[in-house]
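Take a look at the structure below.
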Amino acid sequence: MGNLYYNKTAQWAVYVVFFAALGVVPLMVSDSFLLNQFATYGVYGMLALSLSLCWGFGGILNLGQGIAFGLGAYGMAMTMQMQSQTESNPIPPFMLNNSLESLPMLWQPFQSTTLGLILAVAAPTLFCAVFGGIMFRARVSGPFFAIMTLAMLSAFYTIILDRQAYTGGVNGLTPPGSFQFGDFEIDPYSPAAYWVVFGFLMGATFLTKLITQSSFGLVTQAIRDDAERVRFLGYSVAGYETVIYTISGLIAAVAGCCWVMLVQYVSPAQMDVSFSLSIVIWAAIGGRHSLLGSILGAFIIQGAQSYLGDTFLATWLLILGGFFIVVVRFLPNGLASLVEKAFGLFERRDPTSSPAPDGGRPLPAE
Amino acid sequence: MDLSSLLNALILGVSIASIWLIAALGLTIIYGTAGVINMAHGELIMLGAYSSYMLQFHLGLPYLLCLPASFVIVALVGLALERGLIRYLYNRPLDTLLATYGVSLVLMQGVRLIFGSDPKYLAVPEIFQSNVMLGSVSLSAFRIVVVAVTALLVIGLWLLFYKTRYGVQVRAVMQNKEMAASFGINAGRIYMLTFALGAGLAGVAGALFGVLAIVLPTMGASYVVQAFLMVVVGGGSLAGSVVASGVTGELQSVFAFFTNDTFARFIIFVLIVIFLRFRPQGLFAQAGARR
Amino acid sequence: MSGLLEIRNLSKSFDATKVINDFSMEVVEGTICCLVGPNGAGKTTTMDLITGRIKPTSGKVFFANDDITAKHEHLIARAGIGRKFQVPAVLRDMSVQQNLEVAFSRQTNPFRNLFKFRKAGLKDKLDEVATLAGLTGRLKERAGILSHGETQWLEIGMVLMQEPRLLLMDEPIAGMTEGEAEKTAQIFKDLRKSATLLVVEHDMGFVREIADVVVVMHMGSLLAQGTIQQIEADRRVRDVYLGEQEAA
């Protein structure tokens with residue numbers, strides 16, 4: 001039988017319960033401001049999920065997840081900005097302030113909502129495929145890859161800051177209206193916006209869960225364990241790493257789009273090092289080897305942060321930092337490993353089951 | 001462009017290089033010796049700036065004495081950090097990276113709670129406030145102080161690593177920890193001292209940066225990534241970081257001459273990524289390959 | 001007669017040291033070839049050169065008449081060469097069964113594997129190999145907790161799961177009991193019907209039992225080649241081994 005924690009049916013059951021619980025939220029919450037906030041947690045959950053896939057399952061620590069998120073967010077913001085421009089007034093105000101007289105090439109595709117959305121997701125995904133492909137083929141891995149993602153993140157951060165006329169610079173973009181999809185307007189404070197995020201989060205989670213349980217997932221876990229050995233089994237390690245890094249980037253890009261839909265705002269702060277590192281903290285505290293653990297990590301931490309509010313922000317971040325240190329030092333697999341251990345205890349009381357394999361490190365099932 | 005403005009850019013480049021380098025010095029010896037990726041390095045720099053501020057504001061210590069005093073204070077913080085946390089994580093490089101990021105959060109927020117978020121300023125002797133003409137470049141005298149202090153520290157470190165018993169021990173531990181241990185070298189002690197030394201260097205950098213810019217709890221964040229890149233590009237050795245900072249500073253200055261500061265930094269980041277793609281071991285690979 | 005594996009004039013230098021020096025040999029399909037030689041003769045380096053782990057300074061390696069010199073490791077593996085390492089390399093954090101499943105690498109394309117949950121032929125192959133390797137009762141265990149002998153078996157099992165045409169076995173019976181070694185010999189001899197083996201081994205008793213051809217390496221070069229009887233009668237070979245014993 002083994003530990004229930006590794007039972008695939010049980011895992012799926014927990015996922016279904018989890019999303020059912022998230023599904024009833026709009027029915028219980030009437031405060032539209034609160035609902036909007038819950039939806040943003042969903043976006044953070046998607047980010048944590050994307051990192052859990054890449055880092056927890058693929059063993060690739062990505063400190064620059066903000067790249068894909070930020071590019072997706074900018075793409076979405078550009079699309080929404082252009083939705084509010086009319087034929088008599090085709091150029092966004094901040095460009096006029098920066099004395100641009102015509103719409104730059106970079107912005108032209110975003111005049112079409114469909115093309116804009118495609119670009120918002122495709123551009124970051126393509127970036128991940130190319131950057132990841134180059135790095136992994138050169139066998140850059142571990143802490144070294146982490147530093148490279150930091151460098152790349154800093155590069156994007158500075159270029160967006162610098163090209164003010166195209167990106168809005170430090171102020172970022174603040175599209176005035178809510179997102180129009182065809183004839184349908186998605187008011188960020190409406191249940192519809194919540195449902196969109198809910199749908200993407202659920203879709204991404206199930207997709208990711210399937211991937212981790214497939215043959216592909218097995219190979220990536222093997223790569224995490226011993227990449228050198230896996231090469232001699234005939235698998236292209238670089239290929240697998242690139243694919244998992246790219247899928248992770250795709251999810252982050254979708255999260256970026258959702259985020260702008262909810263807050264109608266994007267700025268270089270989303271590409272700041274500290275934001276990308278907070279994604280790492282969510283996944284680490286929740287448990288990077290567990291998709292659900294990571295999502296919950298994001299919910300708990302971001303929830304606590306907004307509950308405590310701005311007045312206690314410094315104290316909260318102090319506590320968070322301390323807690324994070326404790327988790328890394330004593331609980332490398334995050335809070336999810338406590339659940340695993342709890343089930344392990346439960347299992348030993350059952351005399352019919354075989355003794356647990358030495359308990360300590362989890363089998364990679366989840 | 002004319003020759004004299006290029007010359008100006010090159011002279012400015014030396015100043016920029018010294019800033020890149022002094023931010024990276026402490027990190028270089030910590031990473032080079034123990035392989036620890038210390039994400040709290042920026043906050044150690046910040047602590048250096050606040051130490052100087054405290055000493056100057058409350059004890060009235062002259063600025064030049066604040067430099068060594070900040071070294072000692074931040075070195076002690078580094079010592080405590082190594083004993084309390086880092087030493088448990090030496091075999092887990094990714095975890096040291098994460099844990100030290102936690103440390104950086106704690107330090108930053110702790111300082112914010114104590115000192116508040118409003119900027120502090122360091123006063124320097126009047127003679128450093130003037131400008132000096134170098135050829136046709138007008139450079140603030142303090143930037144020359146930064147270059148001088150950086151140069152002194154590099155020479156000092158070189159002597160320490162290549163002319164003392166401690167230096168021999170450090171290099172032995174870097175090459176082969178087990179072998180060094182069999183010769184009676186206590187690797188744990190070497191790591192501890194090196195970490196304290198690296199932290200102390202961050203303290204000096206902080207005391208200098210506090211004058212170049214304002215003193216804020218968040219000031220460290222902007223230095224840590226660029227300091228890392230210098231270490232990685234250099235390959236983790238002292239000479240590597242010196243050359244990497246020198247080249248980067250000059251390039252940045254020249255690019256900034258053609259475009260602007262921010263865009264120049266963008267180009268630098270991209271060039272570094274490209275460079276490391278083809279030479280992941282950095283400029284000067286260490287004999288004991290750590291990666 | 002052309003071999004399944006042919007090594008032609010292979011050389012490899014690290015800095016100024018020549019580790020492999022103009023070494024040539026071939027392995028005929030359907031045979032077991034044993035590569036022997038004193039420590040430092042370059043046996044494991046030769047394995048590394050065949051499997052693409054390191055690139056030769058000069059010379060060529062042909063497999064089934066294809067030039068595989070300095071190809072990437074995974075391409076060489078896909079061409080049909082499986083390898084067991086000297087220090088057994090298994091995926092320690094994964095279960096024994098998962099180790100074997102990963103090694104069953106008929107489909108290596110990441111996109112095709114993305115949503116693939118059942119692999120055709122896996123179950124039969126897994127049962128067969130697990131039985132052969134004596135690991136049927138240990139499939140759910142984490143590979144990291146296996147004994148040294150079991151780890152050796154697991155890695156041999158992994159190589160079998162790969163269904164390679166050529167199996168490179170670097171010291172397969174190190175750390176095994178006499179009984180286990182005998183069983184290994186029997187398995188190797190059975191394998192010869194469908195595959196070809198190149199075995200590096202120090203245990204001359206084991207070599208005597210399984211080898212069709214013995215190749216002796218010394219200082220990175222070919223010293224002698226022939227049947228076990230020829231090799232044991234060879235004076236040069238005896239000098240090399242005796243010389244080593246005297247030194248030790």
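Read-outs throughout are calculated quantities, based only on the coordinates presented, and are distinct from any laboratory measurement. Keep in mind that what you see is a predicted model, and the values were worked out from it rather than measured. Positions of Cβ are backbone-derived with ideal geometry, glycine not excepted, and every protein chain shown enters the neighbour counts.
Express the relative contact order of chain A as a whole percentage, based on alpha carbon pairs under 8 Å and six or more residues apart in sequence.
Values: 542 pairs, mean separation 120.6, N = 366.
Once normalised by length, the contact order is 33 percent.
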Practice task
Quick one: which residues, 5+ away or cross-chain, put their amide H under 5 Å from the amide H of residue A:179? H built at 1.01 Å from N.
Solution key: A:186
Problem - Antiparallel %, DSSP beta bridges [both residues in the protein assembly as shown], to 5 - result: 65 percent
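For segment B:24-221, what is the relative contact order in percent, using Cα pairs closer than 8 Å and at least 6 residues apart in sequence?
Dividing the mean separation by the residue count of segment B:24-221 yields 47 percent.
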Exercise for the section: Divide, for the protein assembly as shown, the radius of gyration over alpha carbons by 2.2 N^0.38 Å, where N is the residue count. Expected result: 1.05
Problem - Rg over Rh, two decimals, segment B:154-226 (C-alpha only, Kirkwood Rh) - result: 1.12
Practice task
Sticking to Cα atoms, compute the Rg of chain B to one decimal and its Dmax as the biggest Cα-Cα distance, whole number, in Å.
Solution key: 18.9, 61
Problem - Efficiency of FRET between residue A:331 and residue C:233 - r from beta-carbon atoms, R0 56 angstrom, step 0.05 - result: 0.30
Completion exercise
For segment A:142-154, Karplus-derived ³J(HN,Hα) couplings (6.51, -1.76, 1.60; θ = phi - 60°; whole Hz; x for glycine and proline) come out as x, x, 5, 5, 4, 5, 5, 5, 4, 4, 5, 4, 4
Completion exercise
Percent relative contact order for chain C, counting Cα pairs under 8 Å at least six residues apart, stands at 28 percent
Practice task
Quick one: compute a quarter of the convex hull surface over the Cα atoms of segment A:53-96 and quote it in nm².
Solution key: 4.1 nm²
Practice task
Give, rounded to the nearest 20 debye, the magnitude of the charge dipole that the protein assembly as shown has about its Cα centre when Lys and Arg contribute +1 at Cβ and Asp and Glu contribute -1 at Cβ.
Solution key: 820 debye
Problem - Proxy reagent accessibility, fewest Cβ within 10 Å first, across C:72, A:289, C:218 - result: C:72, C:218, A:289
Problem - Among the listed pairs C:55/C:84; C:123/C:193; C:12/C:193; A:341/C:140; C:123/C:183, those beyond 28 Å (Cα-Cα) - result: C:12/C:193
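Run the dipole for segment A:4-348 about the Cα centre, Lys and Arg Cβ at +1, Asp and Glu Cβ at -1, nothing else charged, and hand back the magnitude in debye, nearest 20. Please report the intermediate quantities before stating the final value.
Numbers: 12 positive and 15 negative charges, 232 e Å.
For this selection, approximately 1120 debye.
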Fill in the blank from the handout: Quick calc: nm separation of the 7 Å Cα→Cβ label points for residue B:130 and residue C:178 -> 9.4 nm
Problem - Principal axis dimensions, segment C:16-97 - Cα atoms, whole angstrom, descending - result: 42, 30, 27
Exercise for the section: Report, in deg cm²/dmol and to the nearest 500, the calculated mean residue ellipticity at 222 nm for the protein assembly as shown, where each DSSP H run with n ≥ 4 adds -39500 (n - 2.57) and the sum is divided by the residue count. Expected result: -20000 deg cm²/dmol
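Just want the ordering: A:99, A:52, from fewest to most Cβ atoms lying within 10 Å of their own Cβ.
Placing the least packed residue first, the sequence is A:99, A:52.
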Exercise for the section: Would you please give the residues with an amide H less than 5 Å from that of residue C:217, counting only those at least 5 places away or on a separate chain, with H modeled from the backbone geometry? Expected result: C:36, C:37, C:223
Fill in the blank from the handout: Convex hull around the C-alpha positions of segment A:70-175: the volume in Å³ per residue is 97 Å³
Exercise for the section: For segment B:184-280, list log₁₀ I(q)/I(0) at each q in 0.16, 0.17, 0.19, 0.23 Å⁻¹, using the Debye formula over Cα point scatterers of equal strength and ignoring solvent, two decimals each. Expected result: -0.85, -0.94, -1.10, -1.31
Fill in the blank from the handout: Taking max minus min of the Cα coordinates of chain C on each principal axis, largest first, gives extents in Å of 55, 39, 36
Completion exercise
What one gets for chain A as the Kirkwood radius, inverse of mean 1/r over different Cα pairs in Å, is 21.5 Å
Exercise for the section: Could you bin all the Cα-Cα distances of segment B:69-194 into 10 Å bins starting at 0 and give me the percent of pairs in each, rounded to whole numbers? Expected result: 10, 24, 30, 23, 12, 2
Exercise for the section: Please turn the phi angles of segment C:236-241 into ³J(HN,Hα) values with the Karplus equation 6.51 cos²θ - 1.76 cosθ + 1.60 (θ = phi - 60°), one per residue in order, whole Hz, x for glycine and proline. Expected result: 4, 4, 4, 4, 4, 5
Fill in the blank from the handout: Taking C:74, C:202 and counting other beta carbon atoms within 10 angstrom, the fewest-first order is C:202, C:74
Practice task
Hey, can you grab everything whose amide H is under 5 Å from the amide H of residue A:290? Only 5+ residues off in sequence or another chain; H modelled, so Pro and N-termini drop out.
Solution key: none
Handout entry: Range of Cα positions in segment B:68-118 per principal axis (Å), largest first
Key = 39, 24, 14
Practice task
Starting at the first residue of segment A:100-115, write each ³J(HN,Hα) from the Karplus equation 6.51 cos²θ - 1.76 cosθ + 1.60 with θ = phi - 60°, in whole Hz, x for Gly and Pro.
Solution key: 8, 9, 9, 5, x, 3, 4, 8, 4, x, 6, 5, 9, 4, 4, 5
